[in-house]
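Participant: Take this structure first; my questions come after.
The values are calculated or read from the model by the stated rules, or taken from the named source; none is laboratory data. Everything quoted here is computed from the prediction, not taken from an experiment. All Cβ positions, even for glycine, are placed from backbone atoms using ideal geometry, and neighbour counts span all protein chains on display. To get the accessible areas, we keep the full protein, side chains included, count just its heavy atoms, and leave off ligands, DNA and RNA. Shrake-Rupley method; radii C 1.70, N 1.55, O 1.52, S 1.80 Å.
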Amino acid sequence: MENELRQLLAEAQAKLSAVDTMADLEVARIEILGRKGKLAELLKGLAALSIEEKKVIGAVANEVKTGIEKAFMEAESRLSVAAASAKNESEWLDVTLPGIAPEVGHAHLTTQAIEDITNIFAHLGFVRSRHPEVDWDYYAFEAMNMPSDHPARDDWETFFVRGENGEVKTGAKGKMLLTPHTSNGQVREMEKGVFPIRMISIGKCFRRQADVRHLPMFHQFEGLVIDKKASVTELKGVCDYFAKSYFGPDRVTRLRPYHFRFTEPSFELDISCSVCGGTGKVDEVKCKLCKEGWLELGGAGMVHPNVIKAGGLDPDEYSGFAFGWGVERTMMMRAGLNIDDIRILYKNDLRFIRQF
Ligand code: FA5
């Protein structure tokens, strides 16, 4: 039995010095030292020995057990040192290497323009507000003095919203539509009941149009002043201030008579051309950009009495002026921005977008 015990020790030492994973070490522990392991099996033989033999073999058994346990401890520490150095190797990091710079984007050209426009009007006391971009016919047309059968509405080439049954959705305020202009915000702002109003509302507009000068989705900025003594003079002053702040101090504006159902009188606002300086000629030749010295910026006018009534006010007491200009067209007119097809703005072509 003594020989068998010493043989087990030698066998365990050989096995444990060769084991190379913690999992194999655990398997060996059960096999050798477990309750039904090889050592336990051998020690069962002690019962059959005489007292004298038990003393001798018992001492040998203790020596063997201590030897096996020591072999286990050595194997365990050898494996954990190896695991730690493998981990160090795999996680090694050279902190002196240059880092990987994350790609940093920037605001889209339109967003930048919206911020600039908002800031310019803020200097004149105009407060930015938002109104629905999916709205009812009433706010987009009816309250704007354009009844449903009015032919002028055709100019707005509107998208209507259809339900699952294919029918245009309708509510108490008429048909549901994608706002074709930001003028829907005028009566909505008046309905808030806080006067006087100096609003600048910037939002998306939608029309059935797509070519080099037209987008099916574009942005407008709508100015609205409602006060007791609003005047065309003030409207002209606001337009001039905006033109000089946004386009440069040498630019001037003019109001040209026009017709909108929701303003009276109505105007188109023109700004002097950046190429010919408003003269219409470059080196005695007709200016290629404007042809006559002026570029069209957008619509404006004194708020029509019927719109003031729709906003719940008495037109004899209150007056106002409004303007609505396209963000994309306006920013394209800024000197140095040569875009010959407006649709490039939303083609998500990074080669274009990164330039601004
Ligand atoms: C209007 O939409 C009026 N609501 C403007 C207004 C407001 C007049 C308040 C008086 C008082 P108009 O349809 O002209 O007007 O559009 C105004 C501007 O929006 C245009 O001058 C142009 O800059 C821009 N715009 C119109 N349609 C498009 C389009 N499809 N793509 C890009 N810009 C457009």
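Residue by residue, here is whether (1) over 60 Å from the mean Cα position of the chain (by Cα); (2) modelled with pLDDT of 90 or more holds:
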residue: 38; (1), (2): yes, yes
residue: 44; (1), (2): yes, no
residue: 53; (1), (2): yes, no
residue: 65; (1), (2): yes, yes
residue: 68; (1), (2): yes, yes
residue: 71; (1), (2): yes, yes
residue: 75; (1), (2): no, yes
residue: 81; (1), (2): no, yes
residue: 84; (1), (2): no, yes
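Participant: Output the residues belonging to the stretch 318-345 that are more than 11 Å from the ligand (Cβ to nearest atom), more than 15 Å from residue 117 (Cβ to Cβ) and in contact (Cβ under 8 Å) with a residue 12 or more places away in the chain.
Facilitator: From the stretch 318-345, those more than 11 Å from the ligand (Cβ to nearest atom) are 318-319, 334-341, 344; that's our starting set.
Then drop every residue that is not more than 15 Å from residue 117 (Cβ to Cβ), which leaves 318-319, 335-336, 338-341, 344.
Answer for the stretch 318-345, where residues must be more than 11 Å from the ligand (Cβ to nearest atom), more than 15 Å from residue 117 (Cβ to Cβ) and in contact (Cβ under 8 Å) with a residue 12 or more places away in the chain: 318, 319, 335, 340, 341.
Participant: A further question on this structure: Looking at 147, 98, 102, can you tell me which residue is over 20 Å from the mean Cα position of the chain (by Cα) and not assigned by TED's automatic domain parsing to the domain that holds residue 216?
Facilitator: On the way: 147 fails: not assigned by TED's automatic domain parsing to the domain that holds residue 216; 102 fails: over 20 Å from the mean Cα position of the chain (by Cα).
It is 98.
Participant: Would the stretch 32-47 turn up any residue that is open to solvent by 50 Å² or more (accessible area, probe 1.4 Å), in the same structural domain as residue 86 (by TED's automatic domain parsing) and of a type in the set (Val, Ile, Thr)? Before the answer, list the steps.
Facilitator: Initially, the stretch 32-47 is screened for residues open to solvent by 50 Å² or more (accessible area, probe 1.4 Å), giving 33, 35-36, 38, 41, 43-44, 47.
Right, trim to in the same structural domain as residue 86 (by TED's automatic domain parsing) and you get 33, 35-36, 38, 41, 43-44, 47.
Going one step further and asking which of them are of a type in the set (Val, Ile, Thr), we end up with none.
No, the conditions are met nowhere in the stretch 32-47.
Participant: How many of the residues in the stretch 101-127 are of a type in the set (A, V, I, L, M), open to solvent by less than 60 Å² (accessible area, probe 1.4 Å) and assigned to a loop (DSSP other than H, G, I, E, B)?
Facilitator: Initial filter on the stretch 101-127 (of a type in the set (A, V, I, L, M)): 101, 104, 107, 109, 113-114, 117, 120, 122, 124, 127.
Keeping just the survivors that are open to solvent by less than 60 Å² (accessible area, probe 1.4 Å) gives 107, 109, 113-114, 117, 120, 122, 124.
Of the ones still in play, those that are also assigned to a loop (DSSP other than H, G, I, E, B) are 107, 124.
Residues flagged as of a type in the set (A, V, I, L, M), open to solvent by less than 60 Å² (accessible area, probe 1.4 Å) and assigned to a loop (DSSP other than H, G, I, E, B) within the stretch 101-127 amount to 2.
Participant: Turning to a different aspect of this structure: Of the residues 337, 289, 269, 295, only one is assigned to a strand (DSSP E or B), of a type in the set (A, V, I, L, M, F, W, C) and farther than 26 Å from residue 140 by Cα; which?
Facilitator: So the residue among 337, 289, 269, 295 that is assigned to a strand (DSSP E or B), of a type in the set (A, V, I, L, M, F, W, C) and farther than 26 Å from residue 140 by Cα is 295.
Participant: Find the residue count for the stretch 277-317, including only residues that are modelled with pLDDT under 95, touching an Asp or Glu at 6+ places or on another chain (Cβ under 8 Å), within 16 Å of the ligand (Cβ to nearest atom) and open to solvent by less than 90 Å² (accessible area, probe 1.4 Å).
Facilitator: 4
Participant: Specify the residue that is nearest to residue 292 (Cα to Cα); the eligible residues are those in the stretch 250-266 that are in a loop (DSSP other than H, G, I, E, B) and either open to solvent by less than 30 Å² (accessible area, probe 1.4 Å) or within 12 Å of the ligand (Cβ to nearest atom) (or both). Spell out the reasoning first.
Facilitator: Applying the first criterion (in a loop (DSSP other than H, G, I, E, B)) to the stretch 250-266 yields 250-252, 261-262.
Remaining after also requiring either open to solvent by less than 30 Å² (accessible area, probe 1.4 Å) or within 12 Å of the ligand (Cβ to nearest atom) (or both): 251, 261-262.
On the way: 251: 15, 261: 27, 262: 28 Å.
The extreme case among them is 251.
Participant: Just wondering, is there one or more residues in the stretch 194-201 that are touching a residue at least 12 places away in the same chain (Cβ under 8 Å), of a type outside the set (A, V, I, L, M) and closer than 28 Å to residue 342 by Cα? It would help to see each step written out before you state the result.
Facilitator: To start, the set of residues in the stretch 194-201 that are touching a residue at least 12 places away in the same chain (Cβ under 8 Å) comprises 195-201.
Checking which are of a type outside the set (A, V, I, L, M) leaves us with 195-196, 198, 201.
Filter again for closer than 28 Å to residue 342 by Cα, leaving 201.
Within the stretch 194-201 (the criterion being touching a residue at least 12 places away in the same chain (Cβ under 8 Å), of a type outside the set (A, V, I, L, M) and closer than 28 Å to residue 342 by Cα), the answer is yes, since at least one residue qualifies.
Participant: When you scan the stretch 128-231 for strands (runs of 3 or more DSSP E) that lie fully inside it, which ones turn up with 1 or more residues that are within 14 Å of the ligand (Cβ to nearest atom) and open to solvent by 40 Å² or more (accessible area, probe 1.4 Å)? Step through it out loud before you land on a result.
Facilitator: Details: elements: 134-136, 174-178, 197-206, 217-227.
Fully inside the stretch 128-231 and qualifying: 174-178, 197-206, 217-227.
Participant: Residue 101 passes all but one of (1) within 30 Å of residue 352 (Cα to Cα); (2) among the small types (Gly, Ala, Ser); (3) in contact with a Lys or Arg (Cβ under 7 Å, 6 or more places away or on another chain); which number fails?
Facilitator: So residue 101 meets the others, but not (3).
Participant: Go through (1) within 14 Å of the ligand (Cβ to nearest atom); (2) out of contact with any Ser or Thr (no Cβ under 9 Å at 6 or more places or on another chain); (3) not in a loop (DSSP other than H, G, I, E, B) for residue 351 and report which single condition fails.
Facilitator: Condition (1) is where residue 351 drops out.
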